[in-house]
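Structure first, then comments.
What follows is calculated from the coordinates using simple rules that are stated; it is not laboratory data. No experiment lies behind these values; they were computed from the predicted model shown. Methodologically, a virtual Cβ is constructed for each residue, glycine included, from the backbone with ideal geometry; neighbour enumeration extends over all protein chains shown.
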Amino acid sequence: MALVSMRQLLDEAAKGGYGIGAFNVNNMEQIQSIMEAARETKSPVIVQASRGARAYSQDRFLYHLMMAATELYPEIPTVLHLDHGNSPETCKSAIEMGFTSVMMDGSLMPDGKTPSSFEYNVQVTKEVVEMAHAKGVTVEAEIGCLGGIEDGHGMGGDGLDHLTDPDQAEEFVKLTGCDALAIAIGTSHGAYKFSRKPDGDVLKMDVLLEIHRRLPETHLVMHGSSSVPKELQDIINKYGGSLKPTFGVPVEEIQLGIRNGVRKVNVDTDNRLAITGAIRKVFMESPEKFDPRDYLKPAREAMKKVVAERMVQFGQAGHAGDYKPIPLEKMAERYRSIAVA
Ligand SMILES: [Zn+2]
């Protein structure tokens, strides 16, 4: 089975009233963890790679691993998405390689850290929408800036400096025709999101509700949405790590988002924590071991467990067989007919 357009998965999720986890990958084990979790829970899935991941894996390794995933898990509708494309050129190279969805993050300049102007964001996003839709590829855009830094991308800070303005969001979607919109509601990338369990002062769910009220048809995306569970932090610290106490986005808040237009939920940190905890445990408990499989297998299993749990919590579990994938050429035709109409 071929990779599927993200637009189709998000449209189906909107119909079914559920969200879909988008999990970041850099290597084979992470892809295997996600695909196994998808099979176990019968979930459609979004696998995403950042620019950093593409550089780490030399791109083509990642692409062919994803091809293997579609061969080995033909029953799972699978999207390959570019996370935080920093320029139209980056998006173009992903589309040429076979990504079925791209994020053009024009909320920041191409350096990936300087907040941009609204006009710049509209311009680069429109350019990518035209290029991607011609090939049936989905486009996620971002308005407002998240806090923290992810693979060298991000403006840092606590995520409250550049919250998404609902007026601008409405205008932005009208001007660009993007398929999905990432919004800034106080979340940050990385493990250190909040210094206490987040309340309405730091996690602005009211902004999300207002954006959804104005853009009921737009698929919203929550970035920086790892929950950073204490159990996973504890495993790392128990086996020689030293993470400072930290709080992520509670799953209940994500579920509230999903009831209000959120269709894509980005999760990376939780999986990183699970992998590192599992590896540290083997190193501490069995220092005589040196076969990488001895620690990569438990690492893979630990990540699979987290991903499967999120798939159930986000509601995508059980929906893998609901629909037949629409080929990208058909999606391209559909975009053309909307553009004409
Ligand atoms: Zn992000």
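A few points about this structure:
- The stretch 80-159: C-alpha gyration tensor shape, a/c 1.5 cut-off, then a/b vs b/c: prolate
- Charge dipole of the chain about the Cα centre (unit charges at C-beta), most positive-ward option of 283, 3, 28: 283
- Anisotropy class of the stretch 179-333 from Cα gyration tensor, a/c 1.5 cut: oblate
- For residue 238, the aspartates and glutamates whose Cα comes closer than 14 Å to its Cα, not counting residues fewer than 8 places off in the same chain, are 285.
- DSSP-defined beta bridges in the stretch 6-329 - what % are antiparallel, rounded to 5: 10 percent
- Relative contact order computed over the stretch 48-97 (Cα-Cα under 8 Å; 6+ residues apart), in percent: 52 percent
- Cα shape, the stretch 117-211, gyration tensor, a/c 1.5 rule: prolate
- 172, 118 arranged by Cβ crowding within 10 Å, fewest neighbours leading: 118, 172
- Among 277-288, 257-268, 76-87, 296-307, the peptide with the highest mean count of other Cβ atoms within 10 Å heads the list, and the full ranking is 76-87, 257-268, 296-307, 277-288.
- For the pair the stretch 7-21 / the stretch 148-202, the C-alpha centres are spaced 21 Å from each other.
- Most fluctuating residue given options 97, 35, 131, as computed from a GNM of the chain linking Cα atoms under 10 Å: 97
- Most positive-pole-ward Cα, 132, 87, 72, against dipole of the chain from beta carbon charges: 72
- Remark: C-alpha extents of the chain on the principal axes read 66, 46, 36 Å, sorted largest to smallest.
- Relative contact order, percent, the chain [alpha-carbon distance under 8 Å, six or more residues apart]: 22 percent
- Each Lys and Arg Cβ is given +1 and each Asp and Glu Cβ -1; about its Cα centre, the stretch 6-329 then shows a dipole of about 800 debye.
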